[in-house]
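The structure appears below as structure tokens.
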Amino acid sequence: MDIVSIAGTILAFVVLIVGAILKGTDVSALWNPAAFVIVFIGTISALLLHTQGKVLKRAAGMLKMVYKPPQLHPSDLISRVIGWSEISRRQGLLGLEPHIDAEDDPLVKKGLQLLVDGSEPEAIRSVLELEVETREQADLHAAKVYEQGGIYSPTMGIIGAVLGLMAVMRDLTDPAKLGHGIAAAFVATIYGISLANLLLLPIGARLKALITKQTQVREILIEGLISIAQGDNPRQIESKLQGYLV
């Protein structure tokens, strides 16, 4: 679990509650069912209209990456590539065949299978880069769902505030209700802005950073497999792949 992401999410709610208390506001004033429906359900409705179902499903599935990111260890991958290179030099490319079933990553399986099949280096690059690019674009589209939600939710907050003020206008003859009514109207604005800037936009940015890192690791794999196909020396391969590490 990513403790930093979990702490950030918890702190977002704490900031709102503590801020309200320091400003002298009753915490119970932050809860407004009508504002919740308008902002949260309204934002979801806008996303349903804006986004394809399969993209929404992918975005929902990727949310767990924020709190439990995939374990990416480029240095370990480089070591494995070097090991495959040494096996291929001793036993030939067919010596890699027993290692295919031991891999969990479909991209690694496909790459090793292409090596064992004797595919040309450029053919390997073409097949694997196409798969990496396709997956990256699909993941980025899913991450943008949260960014789009961050655009819609403040607007829904404004709509909620305006509707609340319209309701207040009906009670202008009763001054005792004005203060409470105006405060309740602006709760929707708080919901919309907070949802966008404390959750949705940071989640979208976090996912995009993780996707970039995943793509970099896959590029290391592709370059390593191509180097093996070209018959490069293991030390040359290691030197080349170390350039990806920062």
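The values are calculated or read from the model by the stated rules, or taken from the named source; none is laboratory data. As the structure is a prediction and not an experimental result, all values here were calculated from the model. Because the Cβ atoms are built from the backbone with ideal geometry, glycine has one as well, and the counts that use them run over all protein chains shown. Just the protein is used for accessible areas: all its heavy atoms, side chains included, with ligands, DNA and RNA removed. Shrake-Rupley method; radii C 1.70, N 1.55, O 1.52, S 1.80 Å.
Quick notes
- In this calculation the C-beta distance from I159 to L11 is compared with R0 = 30 Å, giving a FRET efficiency of 0.60.
- Comparing I21, I228, I182 in a Gaussian network model of the chain where C-alpha atoms under 10 Å apart are linked, the largest mean-square fluctuation is found at I21.
- Computed [θ] at 222 nm, deg cm²/dmol, the chain (DSSP H ≥ 4; -39,500 (n - 2.57); rounded to nearest 500): -25000 deg cm²/dmol
- Among [x] 60, 35, 31; [y] 46, 42, 31; [z] 91, 36, 26, the entry that matches Cα extents along the principal axes in Å as calculated here: [z]
- For S45, the accessible surface of its heavy atoms amounts to roughly 60 Å² (probe 1.4 Å, protein chains only, rounded to the nearest 10).
- Computed from Cα positions, the angle between helix 201-229 and the longest principal axis of the chain comes to roughly 10 degrees.
- Axis of helix 74-91 versus longest Cα principal axis of the chain: the two differ by about 20°, to the nearest ten degrees.
- For the chain, a simple Cβ point-charge model (Lys and Arg +1, Asp and Glu -1, everything else neutral) yields a dipole of about 720 debye relative to the Cα centre.
- Positive dipole terminus of the chain, leading residue within L115, L96, G243 (C-beta point charges): G243
- Hydrodynamic radius (Kirkwood) for segment 122-246, which is based on Cα pairs only, to one decimal in Å: 18.6 Å
- Span from the segment 177-234 Cα centroid across to the segment 113-150 one, whole angstrom: 18 Å
- Pairwise label distance in nanometres, R235 with V18, each label 7 Å out on the Cα-Cβ vector: 5.6 nm
- Modelled label reach - S79, point 7 Å along Cα→Cβ, segment 211-243 residues with backbone N closer than 16 Å: 238-239, 242
- The chain, accessible surface, carbon-and-sulfur percent (1.4 angstrom probe): 63 percent
- With each label modelled as a point 7 angstrom along the Cα→C-beta vector, the S126-Q113 pair spans 1.8 nm.
- Per residue, the accessible area of the chain comes to 57 Å², computed with a 1.4 Å probe over protein heavy atoms only.
- Nearest 10 degrees, 0 to 90: helix 175-194 Cα axis against the chain principal axis: 10 degrees
- Cross-link pairs beyond the 24 Å C-alpha cut-off, checked among K68/K213; K57/K208; K144/K213: none
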